[in-house]
Amino acid sequence: MSDRVIVFDTTLRDGEQSPGCSMNIFEKLKVARQLVRLGVDVIEAGFPISSPGDFEAVHAIASEIQGAVIGGLARTLEKDIVRCGEAIRPAKRGRIHTFIATSDIHVEKKLRMSKEQVIQIAAEAVKLARTFTPDVEFSPEDAGRTDWGYMREVLEAVIEAGATTLNIPDTVGYCTSEQFGNCIAYLKQNVRGIENCIISIHCHNDLGMATANSLAALKNGARQIECTINGLGERAGNASLEEVIMNLVVRKDYYGLDTGINTEEIFRTSRLVSQITGMKVQRNKAIVGGNAFAHEAGIHQDGILKERSTYEIMTAKTVGWAGDNIVMGKHSGRNAFRSKLEELGFTDLTTDEINKLFESFKVICDKKKEIFDDDLFAMVQEEISRIPAVYELDYCHITSGTSTIPTATVKVRKDRDVVLQASHGDGPVDAIFNAILAAVGLQATLNEYQIEAVTGGGDAQGRVNVRLTIEGASFKGAATNTDITLASAKAFLNAINRREMARANMGNGDKPVGNEP
């Protein structure tokens, strides 16, 4: 048996289905490029049938991204598979991943089919997928609650139909590690023809077991791991790529398995996905959390000073974390700025993009005495994730105080039209929100408002993440500034501009599509 594990990243599909994590095509391409630098083998780029925007994103990634298999998800429906096949057609190596539920509760309550019908539909779907690509993956959805004997029948049928990868998803995070490992061992020993296929796993984290279950499956013969950056995904998320990979690296003595992952790109990839999706990584998150390599207890500090391995089983450098070093300032030149961006992993920026970023950098330098790596990272992410601005903020003024009704005045530009609008609210941010809505002529509900300091210090930049509901659809927005009220105004407009882009592309905002592995 091979000791090489195929890393299948589904951040752009399952990860994006986390509420509020929807990405536009530019953001998806940026993440896909970084996933290639990270060394993933397969990128599941989206669910092409779900929306025109998702189809275009998968097609763009298949057209532009080299160095990984580009896959798309499809239900066992002819229209899904045809659409997926069209989306991945430009890829040098393309994959169709099709699925149908196999657990009793799904077959009886959701599909309302017989088990024989499910087997027939699954096989026909795989045969159709093979007309588009020789690389076809099949998933029996909710495998964690599927009878093993019946799953064997389903898998044998799809193998005969031409499936090359068999993915066993614990769709609702129900299994224990021992149970899931035993399931993989059973299938490996009892499914006719499985020796000619790759056994894959896709574990959800509803009971906090996704990483443990994935590792148990690998130990029992699975050789593809499906995971996401930062563990993003529906409900409690998926198996975290960084956790699974670093388990295999740190405990190679136990697992004896290798991957093609460049671990020094892990931290950079985590930060990129966090910035783009607005999903902040908790400080105590394994591998990439802010506290992962911090030591406060005296006995720990003493041990670290004497020998780092006393309390660190891996180094921060192994995962690409260098700390918050002060490296740039207002006297830094353009060449030093370019070199620093390359050091941070931004190696594919054009000269025009670097020149524009350098101007933004100088503006930040006038506001902050100390420029940290995180300041630069936030600035670049905001720029490269920028979407076409239908509405732009020309002016913002806020009046607030203990004996003053909070009032905001904004000037919003759309093409050549400029609207000046004032409004009040419960506080300065609420006043800004109301003024902007009046200026653009929309009604919206603010569902989420988060502020986080990009770095420490009194002059730190603040990053504002918001989520608005407009006409029943959800849109996220984000902006960074040393003035938190100005960041709030720009974040609101960013969400509104995303709504305009979704309308232009006939998209549906951040509404997730259900019924996937």
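The values are calculated or read from the model by the stated rules, or taken from the named source; none is laboratory data. In this text, all values refer to a predicted model and were calculated from it rather than measured experimentally. Cβ: placed from backbone, ideal geometry, glycine included. Neighbour counts: every protein chain shown.
Which condition number in (1) in a strand (DSSP E or B); (2) over 18 Å from Thr76 (Cβ atoms) is the one that Tyr186 fails?
(1)
What number of residues within the stretch 121-145 are out of contact with any helix residue (DSSP H, G or I) (no Cβ under 8 Å at 6 or more places or on another chain) and either hydroxyl-bearing (Ser, Thr, Tyr) or in a loop (DSSP other than H, G, I, E, B) (or both)?
Residues flagged as out of contact with any helix residue (DSSP H, G or I) (no Cβ under 8 Å at 6 or more places or on another chain) and either hydroxyl-bearing (Ser, Thr, Tyr) or in a loop (DSSP other than H, G, I, E, B) (or both) within the stretch 121-145 amount to 3.
Just one of Ile81, Ile61 is buried (at least 19 other Cβ atoms within 10 Å of the Cβ), under 30 Å from Glu343 (Cα atoms) and of a type in the set (A, V, I, L, M); which is it? Break it down stepwise before answering.
Details: Ile81 fails: under 30 Å from Glu343 (Cα atoms).
Exactly one residue qualifies, and that residue is Ile61.
With (1) closer than 21 Å to Gly256 by Cα; (2) of a type in the set (D, E, K, R); (3) buried (at least 20 other Cβ atoms within 10 Å of the Cβ) as the list, and Asp170 as the residue in question, which single condition is left unmet?
Checking Asp170 against (1) closer than 21 Å to Gly256 by Cα; (2) of a type in the set (D, E, K, R); (3) buried (at least 20 other Cβ atoms within 10 Å of the Cβ), the one that fails is (1).
Being at pLDDT below 80, more than 22 Å from Ile276 (Cβ to Cβ) and not assigned by TED's automatic domain parsing to the domain that holds Leu248: is that true of Ile326 here?
On the way: at pLDDT below 80: yes; more than 22 Å from Ile276 (Cβ to Cβ): yes; not assigned by TED's automatic domain parsing to the domain that holds Leu248: yes.
Yes, satisfied.
Scan (1) surrounded by fewer than 17 Cβ atoms within 10 Å (Cβ to Cβ); (2) within 17 Å of Thr485 (Cβ to Cβ) for the single condition Thr407 breaks and write down its number.
Failing condition for Thr407: (1).
Under the condition of being touching a helix residue (DSSP H, G or I) at 6+ places or on another chain (Cβ under 8 Å) and of a type outside the set (Asp, Glu), which residue from the stretch 69-78 is surrounded by the fewest Cβ atoms within 10 Å (Cβ to Cβ)?
Per the stated criteria, the residue is Leu77.
Pick from Glu178, Glu195, Glu226: which is modelled with pLDDT of 95 or more and touching a His at 6+ places or on another chain (Cβ under 7 Å)?
Answer to the check: Glu226.
Out of (1) surrounded by fewer than 17 Cβ atoms within 10 Å (Cβ to Cβ); (2) in contact (Cβ under 8 Å) with a residue 24 or more places away in the chain, what's the single condition that is false for Met113?
Result: Met113 fails condition (2) only.
Are there any strands (runs of 3 or more DSSP E) wholly within the stretch 1-118 with 3 or more residues that are closer than 16 Å to Phe138 by Cα and more than 14 Å from the chain's Cα centre (by Cα), and if so which?
Once the strands (runs of 3 or more DSSP E) in the stretch 1-118 are filtered for at least 3 residues that are closer than 16 Å to Phe138 by Cα and more than 14 Å from the chain's Cα centre (by Cα), what remains is 69-75, 94-101.
Within the stretch 212-238, take every residue that is assigned to a loop (DSSP other than H, G, I, E, B) and among the aliphatic types (A, V, I, L, M) and give me the one that is farthest from Asp3 (Cα to Cα).
Ala236
Looking at (1) buried (at least 22 other Cβ atoms within 10 Å of the Cβ); (2) of a type outside the set (A, V, I, L, M, F, W, C); (3) under 30 Å from Val158 (Cα atoms), find the lone condition where Glu242 falls short.
(3)
Identify the residue in the stretch 344-382 that is surrounded by 15 or more Cβ atoms within 10 Å (Cβ to Cβ) and among the acidic types (Asp, Glu) and, among all such residues, is nearest to the chain's Cα centre (by Cα).
Checked the stretch 344-382; the qualifying residue nearest to the chain's Cα centre (by Cα) is Glu382.
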